[in-house]
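The values are calculated or read from the model by the stated rules, or taken from the named source; none is laboratory data. All values reported here derive from a predicted model rather than from experimental measurement. Please note: Cβ atoms are built from the backbone with ideal geometry, for glycine as well, and neighbour counts cover all protein chains shown.
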Amino acid sequence: MNQEQYLKKRMGFWSLTALSLGGIIGSSWLFGPWAAAKLAGPAAIMSWIIGAIAITLIALIYAELGRVKPETGGLGRYPLYSHGTMLATVTSYSIWFGYCATAPVESAGVIQYANQFWPGLYDLTKEQLTTTGILASVILMAFFVVFNYFGVKLFAITNTVITTIKFIVPVLTIIAFFMTGFHPENFTSQGFAPNGYGAGLSAILTSGIFFAYTGFGNVVMMSGEVVNPRKNIPLALITSLVVAAILYALLQIVFIGAVPPDMLANGWSGIKFDSPFANLAMMANMVWLSWIITADAMVSPTGSALTYTAGTSRHVFGMSKSKFLPSYFGTINKRFGVPTRALALNFFIGLLFLFPLKSWTAIVAIVGAIGIFKYASACITVTVFRKVGLTQNNGLPGMHIIAPSAFVFATLLIYWTNWSRVQLAITGLIIGIGAYLVTHFINKYKTIEIIGGIYLVVYIFMLVGLSYLGNFGGHGMIPEPFMSIIAAVLGFIFYHFAVFNGVWYMRKKGNIEELKESISSIS
């Protein structure tokens, strides 16, 4: 807490809303509709809507957590309070790696669009960055770090301006394509769901849809720097997600309608672009729009990366407080009010995603699979906090319905994703649990820290079983929609088991009164 006093409380409703939209409207609007259409065809429209519903439920959960206990790095701190160090360690590292991947995602998006003016940055045949493109992305990532070094006030003001600018361009794109170069026959010529509705469900995690909406998490990460957090955090989250959901659904519609019909000879999976919307604008003879979109392709991902770079450094700060990382990375620069060492660390972790994966779509698929696990834990924590009496008068109405619904949605999203895409994330979680157990015995932690997070171990085995038996890369032993219904019911039952696990831990740990005192001190 001695270091946290140097953080500056300067974020209000508008800067928070811009922070959330700044994370949501990044490279995803430039590439997401294209990636989703390749997988699902016109059914991708439904993918964006379902994804928006799921993430809005999750955001409402974080809105309550942010009201109850606004804390910098809160995404990783909340599971520590409710379930102990094993769950918090695994969750914190999954959040960290997922967020560290965002800067390379956004820089790759900028460089891929820049290929129009500087050929040789992106290989269209292999659909990945060239060596020159990777080096250019590294330089851009370094800029994100330097910019964030100079403090939250400069960041908040600049991000609000950038978000305003980059919001206008997608809206202009929607209007222009509706008026010019729109082909209604594209919605039926290959079938509305040419690869089946299952492809549309799988696309939510693997084509950038879930990744796009998770930009809201930066608000929670920086909640310790918010003025009047109990009012501003929920309003900013809900406002930004409603606006984003409408925007992305419309962008998907115009993308599908803008593709020249002759490009669909080999189906939706055969469409290849280096700069999807800019390429389509050129094909529709809207050169002016192509230039505007390309210019925005430099701004939108950059603005989004700035927000994630800021948010991820706060998460590392929180991990350091929780002793999941050395205290060296939990130091705040007194002059700028920023965890500068955390910024540098995240830069190097981001390079580990950029060098081997080399493309926007490849990195996004991994990030989406990792991301869903961290949000599932919050669905449990929010109810645990209520049951032990921490929420008091700060709760949101309907949370007894919102929390289990969000957990069921999270379970379904994992089940709906092809096993080949989620097995890496699940393998990472298993390795993370194993690594924690090693440190647990080395540091001689109490057994309660393992029992408190035991639900995660059971949950992972349940998900593996569902994927093995199911119809998304599994053996298809039970047809749809029955298998999805089974997954939803199991998710609902498991939610209550996980809540019981957390309530038991907090009462056994005896940390409830201490947390109540901490919460009551928040003005």
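Give all pairs with beta carbons closer than 8 Å in which a residue from the stretch 158-173 that is at pLDDT below 90 meets a residue that is of a type in the set (S, T, N, Q); count only pairs at least 6 apart in sequence or on separate chains.
Listed by first residue and then by second, the contacts come to Asn159/Ser15; Asn159/Thr307; Thr160/Ser15; Ile162/Thr302; Lys166/Ser300.
Please pick out the residue among Ala59, Ala44, Ala35, Ala40 that is modelled with pLDDT under 90 and under 25 Å from Ser202 (Cα atoms).
Just a single option satisfies the conditions, and that option is Ala59.
Rundown of residues vs (1) under 19 Å from Phe472 (Cα atoms); (2) loosely packed, with under 15 Cβ neighbours inside 10 Å, yes/no style:
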site	(1), (2)
Ser377	no, no
Asn394	no, no
Pro404	no, no
Phe407	no, no
Tyr415	yes, no
Ile431	no, yes
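Residue-by-condition table, conditions (1) buried (at least 22 other Cβ atoms within 10 Å of the Cβ); (2) in contact with a Leu (Cβ under 7 Å, 6 or more places away or on another chain); (3) free of Cβ contacts under 8 Å to residues at least 24 places away in the same chain:
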residue	(1), (2), (3)
Pro356	no, no, yes
Val364	yes, no, no
Ile370	yes, no, no
Lys374	yes, yes, no
Thr383	yes, no, no
Val388	no, no, no
Pro397	no, no, yes
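Let's see how each residue does on (1) more than 18 Å from Leu124 (Cβ to Cβ); (2) among the charged types (D, E, K, R); (3) surrounded by 19 or more Cβ atoms within 10 Å (Cβ to Cβ); (4) within 27 Å of the chain's Cα centre (by Cα):
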residue: Leu251; (1), (2), (3), (4): yes, no, yes, yes
residue: Val259; (1), (2), (3), (4): no, no, yes, no
residue: Met263; (1), (2), (3), (4): no, no, no, no
residue: Pro276; (1), (2), (3), (4): no, no, yes, yes
residue: Met282; (1), (2), (3), (4): no, no, no, no
residue: Ile293; (1), (2), (3), (4): no, no, yes, yes
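Select the helices (runs of 4 or more DSSP H) contained entirely in the stretch 202-296, then report the ones holding at least 2 residues which are under 30 Å from Ile61 (Cα atoms).
Once the helices (runs of 4 or more DSSP H) in the stretch 202-296 are filtered for at least 2 residues that are under 30 Å from Ile61 (Cα atoms), what remains is 209-213, 217-221, 229-258.
Would you mind stating whether Phe97 is modelled with pLDDT under 85 and over 16 Å from the mean Cα position of the chain (by Cα)?
Taking the combined requirement at face value, the residue does not satisfy it.
Could you say which residue among Tyr436, Tyr445, Tyr459, Tyr468 is surrounded by fewer than 18 Cβ atoms within 10 Å (Cβ to Cβ) and assigned to a helix (DSSP H, G or I)?
Answer to the check: Tyr468.
If I ask for residues that are on the phi > 0 side of the Ramachandran plot and over 26 Å from the mean Cα position of the chain (by Cα), which ones from the stretch 468-500 would you list?
Gly476
Could you give every pair whose Cβ atoms fall below 9 Å, whose first residue belongs to the stretch 441-455 and is at negative phi, and whose second residue is of a type in the set (Phe, Trp, Tyr) and surrounded by fewer than 17 Cβ atoms within 10 Å (Cβ to Cβ), counting only separations of at least 6 or pairs across chains?
Listed pairs, sorted by first residue: Ile451/Trp504; Gly452/Trp504; Tyr455/Phe497; Tyr455/Phe500.
Among the residues of the stretch 278-327, which ones are basic (Lys, Arg) and in contact (Cβ under 8 Å) with a residue 24 or more places away in the chain?
Selection gives Arg314, Lys321.
Could you run through the stretch 493-511 and say how many residues are farther than 26 Å from Ser405 by Cβ and surrounded by 13 or more Cβ atoms within 10 Å (Cβ to Cβ)?
Here the count works out to 3.
Do any residues in the stretch 180-199 that are without any contact (Cβ under 8 Å) to a residue 60 or more places away in the chain and closer than 13 Å to Ala265 by Cα have Cβ atoms under 6 Å from those of residues that are aromatic (Phe, Trp, Tyr) and surrounded by 15 or more Cβ atoms within 10 Å (Cβ to Cβ), where the two are at least six apart or on different chains, and which pairs are they?
Close Cβ pairs satisfying both conditions: none exist.
For the stretch 62-84, which positions are modelled with pLDDT of 85 or more and in contact with a Ser or Thr (Cβ under 8 Å, 6 or more places away or on another chain)?
Residues satisfying the conditions are Glu64, Leu65, Tyr78, Pro79, Leu80, Tyr81, Ser82, His83.
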